[in-house]
C-alpha cells in the first residue's frame, strides 16, 4: 500500500468512528483509485462534507458532538506506516493525545492541504488588483454594462504563475486587462499537501459594474 492510500484508509477509519459515536449513518466506500494518491480525492471529500453536515445538524439541534477518544488513531498516523519520520503532519506528536480541535480538523481534511496565498494576505491582494487593472476609458464606454470575468491560473511549487487564461469572458478588452494584471503579480506562497509544496489551480473572478452610482 502506498503512502497516500495508507493515509486514506486511516482517515476513513477515523471518520467511521466519529460517525458511529454520533449515530451518523456512514459506511466508507472502497477506494478503487489506481496508482499513487495524496490521501484524498473527490469521493473522500464528499464523505468529509457529509460527516461535517451531519455534525452541524446535531449541533443546531443542541446535541453533543463526540470527537474525543480518537487520539490513538491520530497518534498511529504520525508514527505508523502512513507517514515517515520526515513527513509527519505538523502538530501530531507520538504518544501524546491531540486536542479535540485538531482531531476534528484532521478528520474533516483541513490539515492535510493549504491553499496558495498572495504575499501579504487578502488586503494586499485586493490592493494589488485595484491598483493594477488598467482599462482604457474608451473600452469602458464601449462596454457600458456589468458582468464578471474569471481568470484561471496555476500557482507553481516555486510560487510563480503559469497557464494564465480566461475561463469566463465578459468583454475581450476587459478580459485582456485582467489577464495582464495577473501576469504582473509577484510570486505567491505556494499551496502544500502533507507539508510538501504542490501545484494548485486558482480561479480569480473580477466583477465590473458601470451602472453603480
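Just so you know, all these numbers are worked out from the coordinates, no wet-lab data involved. Given the structure is predicted, the values throughout are model-derived calculations rather than measurements. Reconstructed Cβ throughout: ideal geometry from the backbone, glycine too, with neighbour counts over all protein chains shown.
Which of the residues belonging to region 157-183 are under 12 Å from residue 134 (Cβ atoms) and in contact with a helix residue (DSSP H, G or I) (Cβ under 6 Å, 6 or more places away or on another chain)?
173, 181
Inspect region 166-175 for any residue being free of Cβ contacts under 8 Å to residues at least 60 places away in the same chain and within 30 Å of residue 8 (Cα to Cα) and give the result as yes or no.
As a first pass, look at region 166-175 and keep what is free of Cβ contacts under 8 Å to residues at least 60 places away in the same chain: 166-175.
Still in the list and also within 30 Å of residue 8 (Cα to Cα): none.
For region 166-175, residues free of Cβ contacts under 8 Å to residues at least 60 places away in the same chain and within 30 Å of residue 8 (Cα to Cα): absent.
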